[in-house]
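The values are calculated or read from the model by the stated rules, or taken from the named source; none is laboratory data. Every value quoted in this text rests on a predicted model; they were computed, and no experiment measured them. A quick note on method: Cβ atoms are made from the backbone with ideal geometry, for glycine too, and the neighbour counts reach across all protein chains shown.
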Amino acid sequence: MKQHRIILAPMEGLVDAPLRDILTRIGGIDRCVSEFIRVTEGPLNIGSIRRIVPESLHGWCTAAGVPVHPQLLGSDPDWLGHNAALLADMGAPAVDLNFGCPAKTVNRHRGGATLLKEPDTLYQIVAAVRAALPAGVPVTAKMRLGYSDTSQTLECADALAAAGAAEIAVHARTKTDGYKPPAHWEWLARVRTAVSVPVIANGDVTSVADYQRIREVSGCEQVMIGRGLVAWPDLGQGIRAADQAAVAACMGWDELQPWLIDFYRQVRQRTADRHAPGRLKQWLGFLARHYPEAQLLFDQVRRQTCAEYLENLLASGLPEAA
């Protein structure tokens, strides 16, 4: 399976198709993993797949040509295998499995990180999906270090690899940790040396220095980044520049404005107007970590609920920081 240096993390309710499109066109990202597609007891609706992963209509790539791998979430090995086969029939280049989601609702329904308490179930799921897919379509998996502790970390990783996972992305926290710092990068090295398949490092990469450090600590060649790329859209470009011993300046607020406008127009095309403002505010909240202007704009539109007003405001020009 081809290795990709920088992978955009799957983040439910945040890294959707419009944001994947914007971030991959800005550049520096080698691969994306979609938001999860929930599998229960039955076949998936193709329309639902297309809605979550519209890139499936365009060769499973974003407009920038960056591949998007669909991710399934569930606990039934047979139905996960059945629906993985459906994705392969639709041309999916790989199928990823979610064993890392910490959301309470997901975990209550035996999805995501709760399965890290059941290494045998992990094995059964990956084995069933591997058996259902053509030989040329890899199955990959994303996990955390465990549910409440790290007592089964290596057992879980071994189960995934032994069952046929071609790669394992590891978020270096437990489910109980949530997103609280720090991420335990030293565990990534332990997982990497315990399994015979590539391990993708994930967790708390918010700068070029973080990227360099997580690779040094973990020994992993591939790094998955989520919130860091959402907050700093050209972080991937900065990482590439650093790899080439060059210096890349952070994108200025004036350069970011057209991307914000494009993003919001795409959101309005896909989302009911009552929900669209929330998506813009959500991204501004992340951007405010690096752009004072984003905080100014967020404060300006905090209580605004009219989707058309916000689009007109973006088109008219964004505030400058003092």
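Restricting to region 140-152, what's the tally of residues that are more than 16 Å from the chain's Cα centre (by Cα) and in contact (Cβ under 8 Å) with a residue 40 or more places away in the chain? Before you say what the answer is, go through the steps one by one.
Residues of region 140-152 more than 16 Å from the chain's Cα centre (by Cα): 145-152.
Now drop any that are not in contact (Cβ under 8 Å) with a residue 40 or more places away in the chain, which leaves 145.
Of the residues in region 140-152, 1 are more than 16 Å from the chain's Cα centre (by Cα) and in contact (Cβ under 8 Å) with a residue 40 or more places away in the chain.
Please tell me if ARG240 is out of contact with any helix residue (DSSP H, G or I) (no Cβ under 6 Å at 6 or more places or on another chain), farther than 25 Å from ALA307 by Cα and part of a helix (DSSP H, G or I).
Criteria met by ARG240.
With respect to ILE225, determine if the residue is in contact (Cβ under 8 Å) with a residue 12 or more places away in the chain and not assigned by TED's automatic domain parsing to the domain that holds VAL15.
no
Would you pick out the residues in region 228-256 that are over 16 Å from ARG289 (Cα atoms) and either acidic (Asp, Glu) or touching a residue at least 60 places away in the same chain (Cβ under 8 Å) (or both)?
Within region 228-256, GLY236, GLN237, GLY238, ILE239, ARG240, ASP243, ASP254, GLU255 meet the criteria.
Of the residues ALA141, ALA88, ALA64, which is surrounded by 17 or more Cβ atoms within 10 Å (Cβ to Cβ), aliphatic (A, V, I, L, M) and farther than 24 Å from ALA172 by Cβ?
On inspection, the qualifying residue turns out to be ALA88.
Any residue in region 153-164 that's in the same structural domain as VAL126 (by TED's automatic domain parsing) and without any contact (Cβ under 8 Å) to a residue 24 or more places away in the chain: show its pairings with residues that are assigned to a helix (DSSP H, G or I) and of a type in the set (Lys, Arg) at Cβ separation under 6 Å, as long as the two are six or more apart or on different chains.
Once the first residue is in the same structural domain as VAL126 (by TED's automatic domain parsing) and without any contact (Cβ under 8 Å) to a residue 24 or more places away in the chain and sits in region 153-164, no partner that is assigned to a helix (DSSP H, G or I) and of a type in the set (Lys, Arg) comes close enough.
Does VAL267 count as within 21 Å of ARG227 (Cα to Cα), of a type in the set (Val, Ile, Thr) and not assigned by TED's automatic domain parsing to the domain that holds GLY13?
It is true that VAL267 is within 21 Å of ARG227 (Cα to Cα), of a type in the set (Val, Ile, Thr) and not assigned by TED's automatic domain parsing to the domain that holds GLY13.
Just to be sure, is GLY27 in contact with a helix residue (DSSP H, G or I) (Cβ under 6 Å, 6 or more places away or on another chain) and farther than 27 Å from LEU145 by Cβ?
Considered against the rule, which asks whether it is in contact with a helix residue (DSSP H, G or I) (Cβ under 6 Å, 6 or more places away or on another chain) and farther than 27 Å from LEU145 by Cβ, GLY27 comes out as yes.
Give me a count of the residues in region 295-305 that are touching a residue at least 24 places away in the same chain (Cβ under 8 Å) and aliphatic (A, V, I, L, M).
First, the residues of region 295-305 that are touching a residue at least 24 places away in the same chain (Cβ under 8 Å): 296, 301, 304-305.
Next cut, aliphatic (A, V, I, L, M) only: 296, 301.
Residues meeting the conditions: 2.
Which residues, taken from region 103-146, are of a type in the set (Lys, Arg) and part of a helix (DSSP H, G or I)?
Going residue by residue through region 103-146, those that are of a type in the set (Lys, Arg) are 104, 108, 110, 117, 130, 142, 144.
If the condition is that a residue be of a type in the set (Lys, Arg) and part of a helix (DSSP H, G or I), then LYS104, ARG108, LYS117, ARG130 are the ones that fit.
If a residue must be under 18 Å from the mean Cα position of the chain (by Cα) and among the hydroxyl-bearing types (Ser, Thr, Tyr), how many such residues does region 30-68 contain?
Of the residues in region 30-68, 3 are under 18 Å from the mean Cα position of the chain (by Cα) and among the hydroxyl-bearing types (Ser, Thr, Tyr).
In region 102-128, which residues are farther than 19 Å from ASP158 by Cα and surrounded by 21 or more Cβ atoms within 10 Å (Cβ to Cβ)?
The one that is farther than 19 Å from ASP158 by Cα and surrounded by 21 or more Cβ atoms within 10 Å (Cβ to Cβ): GLY111.
Take the residues of region 1-54 that are outside any loop (DSSP other than H, G, I, E, B), of a type in the set (Ser, Thr, Tyr) and closer than 21 Å to ASP76 by Cα: which is modelled with the highest pLDDT? Quick ask: steps written out before the conclusion?
Quick first cut of region 1-54, residues outside any loop (DSSP other than H, G, I, E, B) only: 6-8, 17-26, 31-38, 46-52, 54.
When the remaining residues are screened for being of a type in the set (Ser, Thr, Tyr), the result is 24, 34, 48.
From what's left, closer than 21 Å to ASP76 by Cα: 34, 48.
Details: SER34: 98, SER48: 94.
This residue is SER34.
Of all residues being closer than 27 Å to VAL129 by Cα and among the basic types (Lys, Arg) in region 165-222, which is surrounded by the fewest Cβ atoms within 10 Å (Cβ to Cβ)? Just the residue, please.
In this case the residue turns out to be ARG190.
List the number of the failed condition for GLY164; all other conditions in (1) at positive phi; (2) within 20 Å of the chain's Cα centre (by Cα) hold.
Going through (1) at positive phi; (2) within 20 Å of the chain's Cα centre (by Cα) one by one, GLY164 breaks only (2).
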